[in-house]
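Read the structure below first, then the notes.
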There are 2 protein chains.
Amino acid sequence: MKIKLNDNFNNIAESYLFSDINKRVKAYKEKNPSADIVRLGIGDVTLPLPKIVVNALVKASEEMGVKETFRGYPPEYGYDFLKEAVARYYKLINLDLDLESIFISDGAKSDLGNIVDILGDNDIYIPNPVYPVYVDSNLMEGRKIHYLKGSEENKFLPMPDGLNNDPKVIYLCSPNNPTGATYNYDELVKWVDYAKSSGSLIIFDSAYEAFITDGAPRSIYKIPGANEVAIEVSSLSKMAGFTGVRCGFTIIPSTLEVSGVKLNKLWKRRQATKFNGVSYPVQRAAEAALSIEGIKECQKNLEYYKENTKMLRELLDEKGIYYSGGVNSPYIWMKCPNNMKSFEFFDFLLEKANIVGTPGVGFGEYGEGYFRLTSFASNEDTKKAVERLRKIL
Amino acid sequence: MKIKLNDNFNNIAESYLFSDINKRVKAYKEKNPSADIVRLGIGDVTLPLPKIVVNALVKASEEMGVKETFRGYPPEYGYDFLKEAVARYYKLINLDLDLESIFISDGAKSDLGNIVDILGDNDIYIPNPVYPVYVDSNLMEGRKIHYLKGSEENKFLPMPDGLNNDPKVIYLCSPNNPTGATYNYDELVKWVDYAKSSGSLIIFDSAYEAFITDGAPRSIYKIPGANEVAIEVSSLSKMAGFTGVRCGFTIIPSTLEVSGVKLNKLWKRRQATKFNGVSYPVQRAAEAALSIEGIKECQKNLEYYKENTKMLRELLDEKGIYYSGGVNSPYIWMKCPNNMKSFEFFDFLLEKANIVGTPGVGFGEYGEGYFRLTSFASNEDTKKAVERLRKIL
């Protein structure tokens, strides 16, 4: 064929992170077939869905088999019953959302990736290290990307100090994947004020908000004026274990506009053209997860994961090793000891302790020298891992 | 805010078609509260899911509540069990697909809309009248669109005759929404040959293939060489009544390439960045629908709808009114009698027969003067509508 392709794809680095990890683990297992490997690299939930959620999925599935209750095309922006459940969820943190600003998605990744469709050729500011979707989706559009460096000095929470006053698109992820670092109220006020004064848009990824326990804002809209500068993208993946169910929600307030053009009007047009809504049984499951009883059940699962981060944190405290995260996040972001590089430490852990984690450099160049441990293994396995780590760190 | 938006959105016409229809129906009902309105405008299935599909949905939902069978993130391109089911479905029409070329989606609309992401700035050729997603998704990218005029002369099946030999992106929809017109083998050979000789890409929308009964190709890959020039986007929405369940599949053969760059490699990158796969229970439901027993059950529903198109066709034949579709399609595309315009006929039908249909002009300017009737009402309602039409046409 001779048609033109999107040449921007040439600028996206191939990610070999997880295939590289798998290769190393496989090679090690071949040499050491009896090794009892503990996986603390999993970025995916492992506990089953709460009963109330399963019941809702099953009930809605059965409705689809009965003429009177069968449902065809869902509304592109989500059923009102689910938008109302999302609004009630925000009401729990004293925020009032109108249903027009709520968009139901098949997960945060889709909306975080597709949001570029409604934006023009702006300068893009992205934290580093961070979840790779922001970078790759903008590279595909040929956008100019600037990195906001995370480091021990700023506790992996880059701030707007020193940025020029041109309008820009800024991605923030709080609690951050992979560092677990979480902006507090005052820090987010600075970002919102900066966005207001510079005419910038903040795309706020709150996928891990349910893990917050230290009082940090669970939504950017807790900050005065954020509804004039920020889109919030959230997910039930981690909050309710929905990674395999696929449902999230995005908030685009009607107060977000450029020269009188409402961003949520553009997003409505985008979604009505390129999306046909989320599966009905999935939306019922999400509604159940966001009910008072559902939230309680989901929290039990989060408590289980938190026991794991606690064990890991205590060990790192004991050893005096720097880390961030682990409090408001299922992730612990540790400094590799003895100035090891990320992959060096990966090999060290695999060989000396039969533990698999994730090299920090996989999340951006400023992740080099760091390492991500996750809390999604079982309590037993995590305990085992902690004991092994105690011996070798 | 002062950031730049995607200005191409200014070039997309607002679609008032269905809101306009609803307004007219509402106004009529207010004046005539006792009117027994029959809706032949529905573009959505109405029969419930077959039992085998519901059972699969329920079983997979229950698996998600049990630790041992819980599943997290699905593979971005679909589970192998479903890709294998799709391959077996194609095997029924004697086509061999390798799993690498099959991508599971949350519906044809998403993939038809998102496919623009991997393409560059090409000239776009789109039939008219047709499903509006092709036009709008390309307008959002600022692409230059050329229309392939459908008319009674070409039986609403535009051919490549007269096109220059520059490489282009060509959308084909067969059976067509809204006209029901279906390319036969020889016609598709001409399109594939033209694409080959001009270096063009065909995006083939086969969402209605399951309705084909006259021997026309149910896949573009029945045509020799199509695997070098065509992407096929398909759906379970109409075949299995999945409009509310959300699942489809897209075929991008490994043989599709431009200067050595494989299109399915770009699509993999696109999907891995901006999509996180389809809900596990939904994929199990799709697997069931594509099983031999599932197909049989789904066909029963299609037979039901086909009784409706048959009644409508017989009436139009009796009245000597021109129409296309209704054989390989749930849609009948009729010429408005007495040279009425689409909306004129809409009002005429609503007032004289209390029947709601869809004005053809809603699918493009060349749809003016035509009207779409669908087969998704009940047999009883369709029969009633036919009796009323007999009196007024």
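Below, the figures for the structure above:
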read-out	value
Kirkwood hydrodynamic radius of the protein assembly as shown, Cα pairs, Å	27.7
Point-charge dipole on Cβ atoms (K/R +1, D/E -1) for the protein assembly as shown, about Cα centre, debye to 20	800
Teacher prompt: A:H146 distances to equivalent labels in other copies, 7 Å Cα→Cβ, nm	4.3
When each of B:K23/B:K238; B:K238/B:K383; A:K274/B:K67; A:K265/B:K29; A:K238/A:K391 is checked by Cα-Cα distance, pairs over 24 Å	B:K23/B:K238; A:K274/B:K67; A:K265/B:K29; A:K238/A:K391
Charge dipole (debye, nearest 20) of region A:348-393; +1 at Cβ of Lys and Arg, -1 at Cβ of Asp and Glu	260
Modelled FRET efficiency - R0 60 Å, A:K26 with B:A35, Cβ distances, 0.05 increments	0.30
FRET E, pair A:K59, B:V66, Förster distance 25 Å, beta-carbon r, rounded to 0.05	0.90
Difference of contour (0.36 nm per residue) and Cα-Cα distance, B:N338 to B:A13	114.1 nm
Gyration tensor over alpha-carbon atoms, region B:52-291, equivalent ellipsoid semi-axes in Å	31, 19, 16
Per-copy distances of the B:V66 label point, shortest first, in nm (7 angstrom along Cα→Cβ)	2.5
Nitroxide proxy distance, nm - points 7 Å out along Cα→Cβ at A:K144 and B:T255	4.5
Per-residue mean of C-beta atoms belonging to partner chains within 10 Å, peptide B:266-278	6
Over chain B, relative contact order from alpha-carbon pairs under 8 Å, at least 6 apart, %	23
Karplus (6.51, -1.76, 1.60) ³J(HN,Hα), θ = phi - 60°, over region B:50-63, in Hz, Gly and Pro reported as x	x, 4, 4, 6, 4, 4, 5, 4, 5, 4, 5, 4, 5, 4
Neighbour cut-off at most 15 other Cβ (10 Å), DSSP loop, GluC sites (Glu not before Pro), region A:26-82	A:E68
Extreme residue, positive dipole direction of region A:51-293, given options A:C247, A:Y131, A:P178 (C-beta unit charges)	A:C247
Nonlocal amide H pairs with A:C336, under 5 Å, H built at 1.01 Å	A:Y370, A:F371
Using a 7 Å Cα-to-Cβ projection, A:N10 label spacings across copies, nm, ascending	3.1
For region B:225-291 versus region B:122-182, the gap between their alpha-carbon centres in whole angstrom	21
Neighbourhood net charge (12 Å Cβ-Cβ; Lys/Arg +1, Asp/Glu -1) for A:S235	-2
Cβ-based charge dipole, the protein assembly as shown, positive-most Cα from A:V169, A:N308, A:S206	A:N308
Considering only region B:52-291, percent of DSSP beta bridges that pair antiparallel, nearest 5	35
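Bear in mind that the values in this text are calculations on the coordinates, not laboratory data. Bear in mind that the values here come from a model prediction, so they are computed numbers and not experimental data. For neighbour counting, all protein chains shown are included, and Cβ atoms are generated from backbone atoms with ideal geometry for every residue, glycine included.
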